[in-house]
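Worksheet for the structure shown next.
The values are calculated or read from the model by the stated rules, or taken from the named source; none is laboratory data. Note that the structure is a prediction, hence the values are computed from the model and not measured. Positions of Cβ are backbone-derived with ideal geometry, glycine not excepted, and every protein chain shown enters the neighbour counts.
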Amino acid sequence: MGKINNDVIGILAYGSLIEDPGEPIIQLLVKRIDTVTPFSVEYARTSKTRGNAPTLIPFDSGAQVKAQILVLRAETSVQIASNILYQRETRQTARNYERPNETDITNNTVLIEILTNFENIQTVLYTRLGSNVPDLTATNLATNAIASAEGKAGETRKDGISYLINANRNGIKTSLSSNYEEEILRLTSATSLEDAYKRCRKNNS
C-alpha cells in the first residue's frame, strides 16, 4: 500500500456528484481518483428535488460501483468539506453540517460519513441517507423515472432518466441497472434512454 497522505481530504462521488459537484467543491478540487465504492449502492431513494426520481444511495443489497474521489486542496478542513458536501446534497447553501444525535436520526437525515485511509487518502467523506422506496423493483423505478422526466424536473434534465444516462456514462452499474433501463425502454416504447427522455418531453411539451 502507498503512503497515506495525511493532509488531504476527499469526497467520494458515485452518482451525479461526479459530473455536477457544484461550484464550492469545484473551487477546492485538485484532482480525481478513479475507484470503486467500498460499500454497495442502489437506486433506492427518490429525490424530491428531482421530481421523485430514483437516485443512488448506499444500500446493502445493491452492488459496488465505479466511483471517483474528488480530492480537495490540502488546507481544506474536515468541517469545510462536510459543509460543502452537505449543502450540495440538501441544496441548503446557508446551513453548515452538524451531525445530529443518534436519537434524532431518521430515514431522511443526511449524514456525512468518513472513510479512513481509503485509496491512500486519510479522510474521504460521503453522504448516507435511508431508502424510501418500499417496492424496489425495476418497474417501480422506471415508472418514477418516467414521471419525473415528464414533469418539471425534466425541463432542466434533473429527472430520473437523465440521472440514469449520466450514471451509465460513468460506468455505474448496480444490481438493478440493466432491468431498470429495460423497463424504461419498454414503458416508453423507446430505442434508447435518450429517446425515452425525448418521448417524455414531447408528450408534455
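From S178, S148, grab the single residue that is of a type outside the set (A, V, I, L, M, F, W, C), out of contact with any strand residue (DSSP E or B) (no Cβ under 8 Å at 6 or more places or on another chain) and part of a helix (DSSP H, G or I).
Answer to the check: S178.
Would you check if there is a residue in segment 30-43 being basic (K, R) and touching a Gly at 6+ places or on another chain (Cβ under 8 Å)?
No - not one qualifying residue is present in segment 30-43.
Quick check on this structure: which one of I26, I33 is in a helix (DSSP H, G or I) and surrounded by fewer than 18 Cβ atoms within 10 Å (Cβ to Cβ)?
I26
Quickly run through segment 151-175 and pick out the residues that are surrounded by fewer than 20 Cβ atoms within 10 Å (Cβ to Cβ) and part of a helix (DSSP H, G or I).
Listed by number, the residues that qualify are K152, E155, I165, N166, N168, R169.
Test each condition in (1) at pLDDT 95 or above; (2) touching a Gly at 6+ places or on another chain (Cβ under 7 Å); (3) on the phi < 0 side of the Ramachandran plot for N107 and report the one that comes out false.
Result: N107 passes all but (1).
Please state which one of N52, N83 is on the phi > 0 side of the Ramachandran plot and either crowded, with 18+ Cβ neighbours inside 10 Å or out of contact with any Cys (no Cβ under 7 Å at 6 or more places or on another chain) (or both).
N52
Do we find that T106 is touching a residue at least 24 places away in the same chain (Cβ under 8 Å), of a type in the set (S, T, Y) and surrounded by 14 or more Cβ atoms within 10 Å (Cβ to Cβ) in this structure?
no
I need the full set of residues from segment 104-119 which are within 17 Å of P58 (Cα to Cα) and assigned to a loop (DSSP other than H, G, I, E, B), in order please.
Within segment 104-119, I105, T106, N107, N108, T109, V110 qualify.
Name the residue, out of A44, A81, that is farther than 20 Å from F118 by Cα and small (G, A, S).
Just one listed residue meets the conditions, A44.
Could you please find all residues in segment 58-103 being in a loop (DSSP other than H, G, I, E, B), in contact with a helix residue (DSSP H, G or I) (Cβ under 7 Å, 6 or more places away or on another chain) and within 26 Å of S177 (Cβ to Cβ)?
Selection gives R91 alone.
Go through (1) surrounded by 20 or more Cβ atoms within 10 Å (Cβ to Cβ); (2) under 16 Å from Y126 (Cβ atoms) one by one and return the number of the condition P38 breaks.
That leaves (1) as the condition not met.
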